[in-house]
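Enquirer: Just dropping this structure here.
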Amino acid sequence: MFKVMTYNIQHGIDYIHRLSTSDVRIDLLKIASIIKDTNASIISLNEVYDAPVKDLDKQAFFIASKLGFNYVFGKAIDIRGGECGNALLSKYPILEYEVIKIDDATKKNEPVFYESRSIIKSKIEVEGTIYNVLVSHFGLAKEEQTNATDKLLELVNGLDNVIFMGDLNMMPTSFNYLRIKEVLTNVVSEEYLTYPSNKLFDRRDYIFVSKDILYKDAKVVNIIFSDHLPLVATI
């Protein structure tokens with residue numbers, strides 16, 4: 001057995017401190033501590049910077065190095081002379097990975113922020129078993145979510161031992177969520193909310209597994225630091 005975790009870290013910003021003072025304070029040591037306390041072995045991170053500016057430089061590398069884990073970073077956009085996207089951390093060997101671009105929306109006609117997105121697709125070996133682990137952060141617009149869902153379902157088609165994690169920006173009632181649920185199993189009950197962490201009213205974050213994977217002890221972790229709550233499941 002091993003634990004997996006998904007966490008939108010909002011670039012390591014102390015969310016409550018920011019709300020109370022308007023000051024942006026980044027604490028990646030806190031993020032590493034939260035991950036360590038869950039005892040998770042494979043971790044999906046969203047809103048991770050990989051940019052050559054103060055406090056944003058190589059965030060995935062910093063967190064992974066504090067945990068002694070392997071990691072890969074998956075660019076979604078260019079920002080401040082660097083990159084921002086998702087990260088995958090693993091106690092176990094990451095045998096291979098690729099970063100796959102999700103098609104951008106063709107019609108930007110919704111009152112939301114549009115942003116390019118990507119999926120990390122990897123193979124991780126856990127005690128002799130190969131798992132297909134995917135990480136993503138879906139867009140806010142319906143077309144973005146449809147494009148992301150299309151790409152995800154294409155990538156997992158025919159695979160077993162699939163673990164898919166991330167911030168999907170969708171509720172369990174949405175059409176694209178139901179499309180994913182036809183293929184993969186959501187391990188954390190739909191009734192739990194994850195956003196915003198201090199005044200919960202929305203569900204955005206998920207851990208899915210293929211139907212050949214057994215799981216238990218899947219839950220939302222009630223720790224308020226980022227604007228999202230993390231999820232952890234035992235595989």
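Enquirer: Only Lys, Arg, Asp and Glu count, each charged at its Cβ (+1, +1, -1, -1), so figure out the dipole size of the chain about its Cα centre, rounded to 20 debye.
Expert: In total the dipole reaches around 300 debye.
Enquirer: Moving on to the next point. State whether the range 70-188 is rounded, prolate or oblate according to the following rule on the C-alpha gyration tensor (a ≥ b ≥ c being the square roots of its eigenvalues): a/c under 1.5 gives rounded; otherwise a/b larger than b/c gives prolate, and the remaining case gives oblate.
Expert: Taking the square roots of the gyration eigenvalues as a ≥ b ≥ c, the range 70-188 is oblate.
Enquirer: Over the chain, with every protein chain in place, what whole percent of the accessible area is carbon and sulfur at 1.4 Å, could you tell me?
Expert: 49 percent
Enquirer: When only Cα pairs under 8 Å and 6 or more residues apart are kept, what is the percent relative contact order across the chain?
Expert: Averaging sequence separation for qualifying contacts and normalising by length gives 20 percent for the chain.
Enquirer: Helix-derived [θ] at 222 nm for the chain: sum -39500 (n - 2.57) over DSSP H runs of at least 4, divide by residue count, nearest 500?
Expert: -6500 deg cm²/dmol
Enquirer: Apply the Karplus curve 6.51 cos²θ - 1.76 cosθ + 1.60, θ = phi - 60°, to the phi angles in the range 139-149 and return the couplings in whole Hz, x for Gly and Pro.
Expert: Residue by residue, the range 139-149 yields x, 8, 7, 4, 5, 4, 5, 5, 4, 5, 5 Hz.
Enquirer: What distance in nm separates the simple spin-label points at Leu95 and Leu159, each placed 7 Å from Cα in the Cβ direction?
Expert: Distance between label points: 1.2 nm.
Enquirer: I would also like to ask the following. Among Gln10, Tyr177, Gly81, pick out the residue whose Cα is farthest towards the positive end of the charge dipole of the chain, where Lys and Arg carry +1 and Asp and Glu carry -1 on C-beta, about the Cα centre.
Expert: Gln10
Enquirer: May I pose another question? When DSSP assigns beta bridges and you keep just the ones with both residues in the range 1-109, what percent turn out antiparallel, to the nearest 5?
Expert: 75 percent
Enquirer: List the chymotrypsin sites (Phe, Trp or Tyr not before Pro) within the range 18-106 that DSSP assigns to loop and that have no more than 15 neighbouring Cβ atoms inside 10 Å.
Expert: Passing both the DSSP loop test and the Cβ count: no residue.
Enquirer: Provide the gained length on full extension for the span Asn186 to Asp217, in nm with one decimal, where the gain is 0.36 nm per separating residue minus the Cα-Cα distance.
Expert: Separation in residues times 0.36 nm, less the Cα-Cα distance, equals 9.9 nm.
Enquirer: Relative to 2.2 N^0.38 Å, what does the C-alpha radius of gyration of the chain come to as a ratio? Two decimals please.
Expert: 0.94
Enquirer: Given the options Tyr192, Ile224, Ile120, identify the residue whose Cα lies farthest towards the positive end of the charge dipole of the chain (+1 on Cβ of Lys, Arg; -1 on Cβ of Asp, Glu).
Expert: Ile224
Enquirer: Using unit Cβ charges (K, R positive; D, E negative) and no other charged atoms, how large, in debye to the nearest 20, is the dipole of the range 144-228 about its Cα centre?
Expert: 160 debye
Enquirer: Report D for the range 143-234 in µm² per second (integer): Stokes-Einstein, Kirkwood Rh on Cα pairs, 37 °C, 0.692 mPa s.
Expert: D, rounded to a whole number, is 240 µm²/s.
Enquirer: Further question: Which whole number in µm²/s is D for the range 39-137 by Stokes-Einstein, with the Kirkwood Rh taken over Cα pairs at 10 °C and 1.306 mPa s?
Expert: 111 µm²/s
Enquirer: May I ask for the equivalent-ellipsoid semi-axes of the range 4-56, computed as the square root of five times each C-alpha gyration tensor eigenvalue and listed largest first in whole Å?
Expert: 21, 14, 9
Enquirer: Can you tell me the Rg and the Dmax, both Å, for the Cα atoms in the range 182-235?
Expert: For the range 182-235, the Cα-based Rg and Dmax read 11.7, 35 Å.
Enquirer: Take the residue pairs Lys91/Lys151; Lys3/Lys121; Lys30/Lys219 and return only those whose Cα atoms are more than 25 Å apart.
Expert: The answer is Lys91/Lys151.
The values are calculated or read from the model by the stated rules, or taken from the named source; none is laboratory data. Owing to the predicted nature of the structure, the values given are computational and were not obtained by experimental measurement. Ideal geometry is used to build each Cβ from the backbone, glycine not excepted, and the neighbour counts take in all protein chains shown. Ligands, DNA and RNA are stripped out before the accessible areas are found, and what is left, the full protein with its side chains, is counted by its heavy atoms. Shrake-Rupley method; radii C 1.70, N 1.55, O 1.52, S 1.80 Å.
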